[in-house]
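S.K.: Below: one structure in structure tokens.
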Amino acid sequence: ETIASFQRIVKGGLFLLTAGSATIHANFRSNPMHDIVPLLPRKPVPPLSVPLIGGGRFDLASENPKNFSLVVFYRGLHCPVCRRYLGELDPKIDEFEKRGVNVVAISSDNEERAEKAKRDWELPIMRVGHDLPLETARSWGLYISTSRGKTSAGIEEPPLFSEPGLFLVRPDNTLYYGSVQTMPFARPHFTELLAAVDFALDRNYPARGEVENLPPAAA
């Protein structure tokens, strides 16, 4: 199947994506950008529950970290940058856990592709979630890309997939830190993030960027 040749058709509020003989239904609204809403620090994050490679589920509401949950959204098996990025994170998971931070990596890949990523990328410690619904990705403010065919890794991109994002979520499910990207490049460095967690915990530093409505004088 040549994914790069898919057609996008709006029908009844859905996108129908056809790649060769395969048809994929994506539950996007007919006004596609209207369902991206930036998350606000100190406010509750959207629900997040996905199956995990190896069994079980990651359910953010059921996590009970001492300080934070670190949720890393990655692009998928096709992304060589993600391979390097998660490869840098896996050996640092123990350091995050010492600081009371639970870690999970999640993509919109199906189980087969996510399992291959965990195995081939050598991620023995990391919890890897899969089948992230694209509507859920939108609710977290993630950007969605269409396929450009095979990447430099020689792996076909899915017809639609979510772009990277990284979030620190407090135990009460409110947002502490968030970063979303339109591209695979120049993501937050985990060594710097560990130092930032140390600073935040040592100084009891509050989440910033919390202003929802500008006062009239600043508008």
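The values are calculated or read from the model by the stated rules, or taken from the named source; none is laboratory data. Since the structure is predicted, the reported quantities are computational estimates derived from the model, not experimental observations. Cβ coordinates were reconstructed from backbone atoms using ideal geometry, including for glycine residues, and neighbour counts include every protein chain displayed.
S.K.: Looking at 95, 156, can you tell me which residue is under 23 Å from residue 63 (Cα atoms), of a type in the set (D, E, K, R) and touching a residue at least 12 places away in the same chain (Cβ under 8 Å)? It would help to see each step written out before you state the result.
M.R.: Values: 156 fails: under 23 Å from residue 63 (Cα atoms).
None of the others qualify; the one that does is 95.
S.K.: Let me ask something else about it. Which of (1) in contact with a His (Cβ under 8 Å, 6 or more places away or on another chain); (2) surrounded by 21 or more Cβ atoms within 10 Å (Cβ to Cβ); (3) among the β-branched types (Val, Ile, Thr) does residue 151 not meet, given it meets every other one?
M.R.: With respect to (1) in contact with a His (Cβ under 8 Å, 6 or more places away or on another chain); (2) surrounded by 21 or more Cβ atoms within 10 Å (Cβ to Cβ); (3) among the β-branched types (Val, Ile, Thr), residue 151 is out only on (2).
S.K.: What's the number of the condition residue 137 fails, among (1) modelled with pLDDT under 95; (2) under 28 Å from residue 54 (Cα atoms); (3) in contact with a strand residue (DSSP E or B) (Cβ under 8 Å, 6 or more places away or on another chain)?
M.R.: Of the numbered conditions (1) modelled with pLDDT under 95; (2) under 28 Å from residue 54 (Cα atoms); (3) in contact with a strand residue (DSSP E or B) (Cβ under 8 Å, 6 or more places away or on another chain), the odd one out for residue 137 is (1).
S.K.: Of all residues in the stretch 72-124 being among the charged types (D, E, K, R) and outside any helix (DSSP H, G or I), which is nearest to the chain's Cα centre (by Cα)?
M.R.: Selected residue: 75.
S.K.: On to the next question. Would you call residue 167 surrounded by fewer than 18 Cβ atoms within 10 Å (Cβ to Cβ) and hydrophobic (A, V, I, L, M, F, W, C)?
M.R.: Working: surrounded by fewer than 18 Cβ atoms within 10 Å (Cβ to Cβ): no; hydrophobic (A, V, I, L, M, F, W, C): yes.
In short, no.
S.K.: Just give me the residues in the stretch 199-219 being of a type in the set (Gly, Ala, Ser), in a loop (DSSP other than H, G, I, E, B) and surrounded by 10 or more Cβ atoms within 10 Å (Cβ to Cβ), in sequence order. Reasoning before the result, please.
M.R.: Taking the stretch 199-219 as the starting set, the residues that turn out to be of a type in the set (Gly, Ala, Ser) are 200, 207, 209, 217-219.
From what is left, the residues that are in a loop (DSSP other than H, G, I, E, B) are 207, 209, 217-219.
Result: 207, 209.
S.K.: In the set 148, 99, which member is closer than 29 Å to residue 172 by Cβ and out of contact with any Pro (no Cβ under 6 Å at 6 or more places or on another chain)? Reasoning before the result, please.
M.R.: Details: 148 fails: closer than 29 Å to residue 172 by Cβ.
From the options 148, 99, the qualifying one is 99.
S.K.: With the structure loaded, tell me whether residue 161 is part of a helix (DSSP H, G or I), out of contact with any helix residue (DSSP H, G or I) (no Cβ under 6 Å at 6 or more places or on another chain), at pLDDT 95 or above and at negative phi or whether it fails that test.
M.R.: Numbers: part of a helix (DSSP H, G or I): no; out of contact with any helix residue (DSSP H, G or I) (no Cβ under 6 Å at 6 or more places or on another chain): yes; at pLDDT 95 or above: yes; at negative phi: yes.
So residue 161 does not fit the description; no.
S.K.: Between residues in the stretch 196-219 that are under 17 Å from residue 67 (Cα atoms) and at pLDDT 95 or above and residues that are among the hydrophobic types (A, V, I, L, M, F, W, C) and in a helix (DSSP H, G or I), which pairs lie under 7 Å by C-beta distance while being six or more apart or on different chains?
M.R.: 205/199
S.K.: Can you tell me which residue within the stretch 170-196, out of those that are charged (D, E, K, R) and buried (at least 18 other Cβ atoms within 10 Å of the Cβ), is nearest to residue 87 (Cα to Cα)?
M.R.: Filtering the stretch 170-196 down to residues charged (D, E, K, R) leaves 170, 172, 187, 192.
Then keep just the ones that are buried (at least 18 other Cβ atoms within 10 Å of the Cβ); that gives 170, 187.
On the way: 170: 25, 187: 13 Å.
The selected residue is 187.
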